[in-house]
Amino acid sequence: MTANGNRASTYTAASGASDGRNGERKDLWSSLLDSVASGKRLPEKNIIVLGGSSESQRDFLESLSNGSEKRSLDRQSSRAPPVANSFALGYTYYDVLDADHEDILARISLYMLSNPSEAFPALLEPLLTPESIPNTLLVILLDWSTPHLWMRQLRKWILFMRNVLEKTSRESQAVMEEVMVSWRDRGRGGSSVNLDGTATGATGEDDVSLPLGPGEWEEALGLPLCVVCQRAEKIELLEKSQGWKEGDFDQVLQYLRTTLLRHGASLIYTTPNVPSPLPSLVHSSLGVTSLLKRQPLKHNVIDRDKILVPPNWDSWGKIRVLRDGFDVEATSIGWSRDLQSEFTDPAMTTEGLNVLAKAKADGSYQGETWSSAIAPYEDWIRDLTTASEALALGADDADSASRLEVQSDEAQDFLSSSLAALDAYKVKAEQKSDPTKGARSATPPSSSSSAALDHGTARHPLTTASDGKVSDHIGPVQFNMGGIQVDADDMVQRLKDRQAYTAAIPDRAASGSPGAGAGAGDGAAESGDVIDTENLQAFFSGLMNRKTAGAGGAAGSVGTPRASAS
């Protein structure tokens, strides 16, 4: 019984090792494990993201992963992979899921670079090996907040990548030539070919690739290129605030399509938090397609905020149709010259514009305006910006008076000028009044205005202008006086009417006009003067501010003004 515990299984020994035909022993378990491991190994793809800020690069990653497709290596964890792109060469990754979100099709690594410094090419050289080059895509990020810098940014990054790719090994350069040849032939045969290189229909032996058109693939980099213009919602802001027209957006698109045609690149406009065909474009360019559902890429050059130009689709004829008057050939040749020589004109920044303005004023501007593609683009967009600013600042005075936005003075300056004007009105009113009345004469309108100013009801001169354009937008001036809501304009108007009426009573009595009744004449003769407004004002003020008193005291206080008024 004890011997049975040390017995070895003959089935396990036979299955674990066997003799081959040549007498070699094969480990079946190792071969089975290797086959399973190779079957579960994920395809690895690389994307080199150039340009943009840390935030825009995160927006690009969010657009690719679509939020719901982000998944880390641990399938039971819902945390997104960290993004490290604050310094030098950034890195992150994400998994591409199938249509049912169950199977992982590939793992994509993103290497992000924001600044084309001379010290950074050494960071990208180890990434470009003969094995990784067929699985690598270049992406250049542009932003609609600075469209005037696009041409210079494209040139800067393309020259940067040329410097990187020229330093690779001979084996890597040979692989890059093969990759570019395969990209040139995609979609040019007699059969329909997908963007990932797979054929959609039957092919024949007589299929012949179509020849390249003018300006196509003449500046191939060695890697497929995709240009992403982010924040397309800024297009509406440019139209409203800076006066851009539909033709201006078309011309920007024509410049981009002409220059990218020389590199065989694709172009797409994206908006944050808005679904776009960007994942389909990028993933199919890397050869990652869904096994369950294929989403065909459809070009779009009509919707100005949803532009999509796939590779090997564009041509000079299609660019000319977009807008007449654009010289495609001159722009294409000028772009080639820009990539071969140093361009000395300053960039379209605030400092660059000031330098260029001084150079033009001094007559020392020696820029070759029409020998490149960058200079005409910047000259045109600079004139467009200047024209929009002149349109916004060159408004007529008559038009500016009708606007709600009025340039107002400082509070103290306005009050001091108003006080001086009120004093002048008061002196003028005293000169016109009867010298026998003196200070007890009827209060002129300016006094009411000064009283209103003391109560905090001072109004801007624009509100009393004769045209009344601004006063239409400002409601009546009201204030709280002793718990009673008083309309200042109505009070002033009533005082004017009362003063005019009281001033006309002596004239009517003297001339014996029928409008002046006998009772009115007798009342004026008995009193010897017009109604005393100061006593009335004192009476009403005392009535509002009086404290609680007895009934007899209240009757006595009320009876005195009535006697004087009668």
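The values are calculated or read from the model by the stated rules, or taken from the named source; none is laboratory data. Given the structure is predicted, the values throughout are model-derived calculations rather than measurements. With ideal geometry, Cβ positions are generated from the backbone for all residues, glycine too; neighbour counts draw on all protein chains shown.
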Answer yes or no as to whether K318 is surrounded by fewer than 20 Cβ atoms within 10 Å (Cβ to Cβ), among the basic types (K, R) and not in a loop (DSSP other than H, G, I, E, B).
yes
If you scan region 278-314, which residues turn out to be touching a Pro at 6+ places or on another chain (Cβ under 6 Å) and polar (S, T, N, Q)?
S285
Taking first residues from region 264-276 that are in the same structural domain as H299 (by TED's automatic domain parsing) and second residues anywhere that are outside any loop (DSSP other than H, G, I, E, B) and of a type in the set (K, R), the pairs with Cβ under 8 Å that are 6 or more apart or on different chains are G264/R184; L267/R257
If you check V193, V164, which single one turns out to be touching a strand residue (DSSP E or B) at 6+ places or on another chain (Cβ under 7 Å) and modelled with pLDDT under 95?
V193
Can you name the residue in region 40-55 that is surrounded by fewer than 21 Cβ atoms within 10 Å (Cβ to Cβ) and closer than 20 Å to I140 by Cβ and, of all such residues, is modelled with the highest pLDDT?
N46
Lone qualifier among S86, S68, S145 - being at pLDDT below 95, outside any helix (DSSP H, G or I), in the same structural domain as H263 (by TED's automatic domain parsing) and more than 28 Å from I307 (Cα to Cα):
S86
I need a count of the residues in region 277-312 that are touching a residue at least 40 places away in the same chain (Cβ under 8 Å), crowded, with 16+ Cβ neighbours inside 10 Å and under 29 Å from N135 (Cα atoms).
21
Do we have G367 as modelled with pLDDT under 70, surrounded by 11 or more Cβ atoms within 10 Å (Cβ to Cβ) and small (G, A, S) here?
yes
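Hey, could you check region 319-341 for residues that are basic (K, R) and touching a helix residue (DSSP H, G or I) at 6+ places or on another chain (Cβ under 8 Å) and say which is farthest from S182 (Cα to Cα)? Spell out the reasoning first.
We begin by selecting, within region 319-341, every residue basic (K, R); these are 320, 323, 337.
Subset that is touching a helix residue (DSSP H, G or I) at 6+ places or on another chain (Cβ under 8 Å): 320, 323.
On the way: R320: 28, R323: 32 Å.
So, considering only residues that are basic (K, R) and touching a helix residue (DSSP H, G or I) at 6+ places or on another chain (Cβ under 8 Å), the one farthest from S182 (Cα to Cα) is R323.
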Has region 400-407 got any residue that is of a type outside the set (D, E, K, R) and either touching a helix residue (DSSP H, G or I) at 6+ places or on another chain (Cβ under 8 Å) or modelled with pLDDT of 80 or more (or both)?
yes
Taking first residues from region 370-399 that are exposed (fewer than 14 other Cβ atoms within 10 Å of the Cβ) and second residues anywhere that are at pLDDT 80 or above and not in a helix (DSSP H, G or I), the pairs with Cβ under 6 Å that are 6 or more apart or on different chains are L391/G243
Within region 214-270, how many residues are of a type in the set (D, E, K, R) and within 24 Å of V328 (Cβ to Cβ)?
9
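Suppose we filter region 170-187 for residues that are of a type in the set (S, T, N, Q) and free of Cβ contacts under 8 Å to residues at least 40 places away in the same chain; how many remain? First the steps, then the outcome.
Quick first cut of region 170-187, residues of a type in the set (S, T, N, Q) only: 172-173, 182.
Filter once more, so that each one left must be free of Cβ contacts under 8 Å to residues at least 40 places away in the same chain: 182.
Selection size over region 170-187: 1.
Residues that are buried (at least 20 other Cβ atoms within 10 Å of the Cβ) and within 19 Å of I47 (Cα to Cα): does region 129-136 have at least one? Break it down stepwise before answering.
Residues of region 129-136 buried (at least 20 other Cβ atoms within 10 Å of the Cβ): 133, 136.
Within this subset, residues satisfying the condition of being within 19 Å of I47 (Cα to Cα) are 133, 136.
Among the residues of region 129-136, at least one is buried (at least 20 other Cβ atoms within 10 Å of the Cβ) and within 19 Å of I47 (Cα to Cα), which makes the answer yes.
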Is there any pair with a first residue in region 79-99 that is in contact (Cβ under 8 Å) with a residue 40 or more places away in the chain and more than 17 Å from L124 (Cβ to Cβ) and a second that is small (G, A, S) and in a strand (DSSP E or B) whose Cβ atoms are under 9 Å apart and which are 6 or more apart or on different chains, and what are they?
D95/A106; V96/A106
For region 244-265, how many residues meet the condition of being closer than 9 Å to R323 by Cβ and touching an Asp or Glu at 6+ places or on another chain (Cβ under 6 Å)?
0
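Would you confirm, using the coordinates I've provided, whether S109 is in a loop (DSSP other than H, G, I, E, B), assigned by TED's automatic domain parsing to the domain that holds L291 and hydroxyl-bearing (S, T, Y)? Spell out how you get there, then give the answer.
Values: in a loop (DSSP other than H, G, I, E, B): no; assigned by TED's automatic domain parsing to the domain that holds L291: yes; hydroxyl-bearing (S, T, Y): yes.
No: the conditions fail for S109.
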Residue list for region 220-244, restricted to those being farther than 14 Å from D305 by Cα and surrounded by fewer than 20 Cβ atoms within 10 Å (Cβ to Cβ):
L221, K240, S241, Q242, G243
